[in-house]
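Accompanying notes for the structure given below.
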Amino acid sequence: MLSVPRNKALPIVNALRRYSSNVAPTTKLFINGEFKDSKATQWVDLHNPATNEVVTKVPVSTQAEMESAVESCKEAYKTWKQTSVLTRQQLMLKLQAVIRRDIKKIAANITTEQGKTLADAEGDVMRGLQVVEHACSAGTLLQGESLQNIARDMDIVSYKLPLGVTAGICPFNFPAMIPLWMFPMALIAGNTMVVKPSERDPGATMMLMELMQEVGCPPGVVNVIHGTHDSVNFICDNKDIKAISFVGSDRAGQHIYERGAANGKRIQSNLGAKNHAVVLPDANKEATIEQLAGAAFGAAGQRCMALSVAILVGEARDWIPDIAARAKQLKVNAGHEPGTDVGPVISPQAKQRIHDLIEAGIKQGAKCVLDGRNVKVDKYPNGNFVGPTLITEVQTHHECYKEEIFGPVLCVMTADTLEQAMEIVNANPYGNGTAIFTSNGSHARQFVNEIDVGQVGVNVPIPVPLPMFSFTGSRGSFLGDQHFYGKQGLNFYTQTKTITSLWRKGKAEAKPSVSMPVH
Ligand code: NAD
């Protein structure tokens, strides 16, 4: 079956109103355990991508508000870091239960603000929830190391300790999952965190904060500010923030990596992607086409792990008409409508950029065999819809190949051999994800061994690792050295303290040792 699930109709719950002031639909801040109206003078209108109606206004937090968020985190850290690991685990156990209870409510908000289908939005929450579940085993994950009798009467033990105030800066495309990659992992390790959700869809984060309130998170342990460049720069420059987790575009991520690191901060920065599917002619044709269609066009192609390039090897090049036919069947509509496969893209600007990149591909010699640019969605004439689009004969110098399109567009290339296909993938600057489709184990093994990409699927189109592993995009898709969630996530949010103890029986040494101790 296609992995863009069809779903039942649900009313759109404009849950944001619960966080909005009575006089105007505005998004609040969450500081020191309370939802607060912002005193901002600048606001960002947030539009429903299916209608372009304003859902809420998001404040660009003032300097004073951002400072108070960090101050509150700093104060809360003094006691939060002393809290027992079991208490922190209990908080996460309670949190996972209430997120599970509210999945549909949070998903409805995501569909309203971000546009994806309700079923896909539930997946967004669910993949974040899995990180919370994993954080519940902090008692094991946070254990350090120890060795007895490292020398006579001497033992060594190391602890994983928190860093202090941390910050998370999020993109628009996974409004629940990505904040949940960040604050549960930071908090379970004893840190506090300032979260800056995307200004384009902060509603899911605000709902998660209400849940944090409900489960008794102490005030100030997690705070939320809003804004764009200025709030990001505030985070990069603030001396009390010790580490920044970022997920988003190359431009913002490189800037944050450089500016944050120049201010002495630890940074993990997940960037853009161009993910290739390599299709061998011995693959199961029907299953592969289903997987390709789901991974290229699901979430309207706005996933960092979307398969946006298919390299058809040998006779698999004859599958193009079947891929186009399958893509054409996908239903484009508002995300909350029953049976929708492909919802709108985030903004009119994003839609225009996608159109432009398709046009650039055609001008440079590629063929558009399925054109989604003129798709009509009668009930939502103002929505940012782009239908599934298939561009063939794509070359590596084409703009549509070089740029991350971030829309429902599949670029199709061909290769004579697996080696040629791998050369294309390995020459691409990005290294987020890739997948091979084959029934030949030795080809699959060769691919796994020789492909230079951080997350590899074998007959699995979107190989996003579960939280007991880490999200390991590589090369141009990542800056830093410790990845999100899993063991690496906890390493990122902790520092190691190593204690060497000598408890000698009997009398101390009679004379001082002036040479280098070698134990
Ligand atoms: P974005 O970079 O525009 O925004 C991300 C965050 O950075 C937002 O909070 C935004 O306010 C801030 N920001 C934006 N531009 C900035 C700038 N010039 N200076 C400082 N801050 C800035 O990203 P987006 O459009 O929200 O998200 C889509 C991008 O994120 C895609 O490139 C996608 O591949 C990437 N992404 C990557 C992963 C991953 O794990 N590798 C996951 C999800 C999304």
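The values are calculated or read from the model by the stated rules, or taken from the named source; none is laboratory data. Model, not experiment: these values are computed from the prediction. Don't worry about glycine lacking a Cβ; one is built from the backbone with ideal geometry, like all the others, and counts go over all protein chains shown. Surface accessibility is based on the protein's heavy atoms, side chains included, excluding ligands, DNA and RNA. Shrake-Rupley method; radii C 1.70, N 1.55, O 1.52, S 1.80 Å.
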- Task: Tell me which of these ALA508 doesn't satisfy, since it passes every other one: (1) in a loop (DSSP other than H, G, I, E, B); (2) away from the ligand (no atom under 16 Å from the Cβ); (3) of a type in the set (Gly, Ala, Ser); (4) open to solvent by less than 60 Å² (accessible area, probe 1.4 Å).
- Result: (4)
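Quick one: which strands (runs of 3 or more DSSP E) lie wholly within region 235-281 and hold at least 2 residues that are within 8 Å of the ligand (Cβ to nearest atom)? Spell out the reasoning first.
On the way: elements: 241-247, 266-270, 275-279.
In region 235-281, the matching strands (runs of 3 or more DSSP E) lie at 241-247.
Say whether the condition of being within 16 Å of the ligand (Cβ to nearest atom), outside any strand (DSSP E or B), farther than 23 Å from GLU199 by Cβ and modelled with pLDDT of 95 or more is met by at least one residue in region 362-369. Full working, then the answer.
Our first condition is that a residue be within 16 Å of the ligand (Cβ to nearest atom); within region 362-369, this holds for none.
Looking through region 362-369, none of the residues is within 16 Å of the ligand (Cβ to nearest atom), outside any strand (DSSP E or B), farther than 23 Å from GLU199 by Cβ and modelled with pLDDT of 95 or more.
Please enumerate the residues belonging to region 433-461 that are part of a loop (DSSP other than H, G, I, E, B) and of a type outside the set (Ser, Thr, Tyr).
Residues of region 433-461 part of a loop (DSSP other than H, G, I, E, B): 433, 438-440, 451-455, 459-461.
GLY433, ASN440, ILE451, ASP452, VAL453, GLY454, GLN455, ASN459, VAL460, PRO461 - these are the residues of region 433-461 that are part of a loop (DSSP other than H, G, I, E, B) and of a type outside the set (Ser, Thr, Tyr).
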- Task: Pull up region 368-398, narrow it to residues that are basic (Lys, Arg) and over 29 Å from the mean Cα position of the chain (by Cα), then point me to the one that is least open to solvent (accessible area, probe 1.4 Å).
- Result: LYS379
- Query: When the residues of region 284-312 are filtered to those that are open to solvent by 10 Å² or more (accessible area, probe 1.4 Å) and away from the ligand (no atom under 16 Å from the Cβ), which remaining residue is nearest to PHE174 (Cα to Cα)?
  - Reply: GLN291
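One residue is enough: does region 318-338 have a residue meeting the conditions modelled with pLDDT of 95 or more and within 16 Å of the ligand (Cβ to nearest atom)? Working first, answer last.
Applying the first criterion (modelled with pLDDT of 95 or more) to region 318-338 yields 318-338.
Filter once more, keeping what is within 16 Å of the ligand (Cβ to nearest atom): none.
No - not one qualifying residue is present in region 318-338.
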- Task: Output the residues belonging to region 372-392 that are part of a strand (DSSP E or B) and farther than 16 Å from GLN329 by Cβ.
- Result: ILE391, THR392
- Task: Residue by residue through region 457-505, note down the ones that are away from the ligand (no atom under 14 Å from the Cβ) and charged (D, E, K, R).
- Result: ASP481, LYS487, LYS497, ARG504, LYS505
- Query: So which residues in region 182-201 are surrounded by 24 or more Cβ atoms within 10 Å (Cβ to Cβ) and within 12 Å of the ligand (Cβ to nearest atom)?
  - Reply: MET182, VAL195, LYS196, PRO197, SER198, ASP201
- Task: Write out, first by first residue and then by second, each pair whose Cβ atoms fall under 9 Å of each other, whose residues are 6+ apart or on separate chains, and whose first residue, in region 297-308, is within 13 Å of CYS411 (Cβ to Cβ) while the second is within 12 Å of the ligand (Cβ to nearest atom) and among the acidic types (Asp, Glu).
- Result: SER308/GLU404
- Message: Yes or no: region 147-154 includes at least one residue that is surrounded by fewer than 21 Cβ atoms within 10 Å (Cβ to Cβ), of a type in the set (A, V, I, L, M, F, W, C), modelled with pLDDT of 95 or more and touching a helix residue (DSSP H, G or I) at 6+ places or on another chain (Cβ under 7 Å).
- Response: no
- Query: In region 433-461, which residue that is β-branched (Val, Ile, Thr), touching a residue at least 24 places away in the same chain (Cβ under 8 Å) and surrounded by fewer than 20 Cβ atoms within 10 Å (Cβ to Cβ) is nearest to GLN130 (Cα to Cα)?
  - Reply: VAL460
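Quick one: would you say LEU46 is closer than 22 Å to VAL386 by Cα, touching a strand residue (DSSP E or B) at 6+ places or on another chain (Cβ under 8 Å) and at pLDDT 95 or above?
Considered against the rule, which asks whether it is closer than 22 Å to VAL386 by Cα, touching a strand residue (DSSP E or B) at 6+ places or on another chain (Cβ under 8 Å) and at pLDDT 95 or above, LEU46 comes out as yes.
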- Query: Within region 238-251, restricting attention to residues that are within 18 Å of the chain's Cα centre (by Cα) and in contact (Cβ under 8 Å) with a residue 24 or more places away in the chain, which residue is most open to solvent (accessible area, probe 1.4 Å)?
  - Reply: SER249
- Note on the structure: Those residues of region 325-367 that are farther than 19 Å from LEU390 by Cβ, open to solvent by 30 Å² or more (accessible area, probe 1.4 Å) and small (Gly, Ala, Ser) come to a total of 0
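Looking only at region 207-225, filter to residues that are in a loop (DSSP other than H, G, I, E, B) and of a type in the set (A, V, I, L, M); which one of those is surrounded by the fewest Cβ atoms within 10 Å (Cβ to Cβ)?
Start the filter on region 207-225 by keeping residues that are in a loop (DSSP other than H, G, I, E, B), which leaves 215-221, 225.
If we keep only those that are of a type in the set (A, V, I, L, M) as well, we get 215, 221, 225.
Details: VAL215: 16, VAL221: 25, ILE225: 27.
That would be VAL215.
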- Query: Taking interchain pairs and intrachain pairs at least six residues apart, which have beta carbon atoms under 7 angstrom, with the first residue in region 209-225 and farther than 9 Å from ASN32 by Cα and the second among the charged types (D, E, K, R) and open to solvent by less than 50 Å² (accessible area, probe 1.4 Å)?
  - Reply: LEU211/ASP102; ILE225/GLU65; ILE225/LYS196
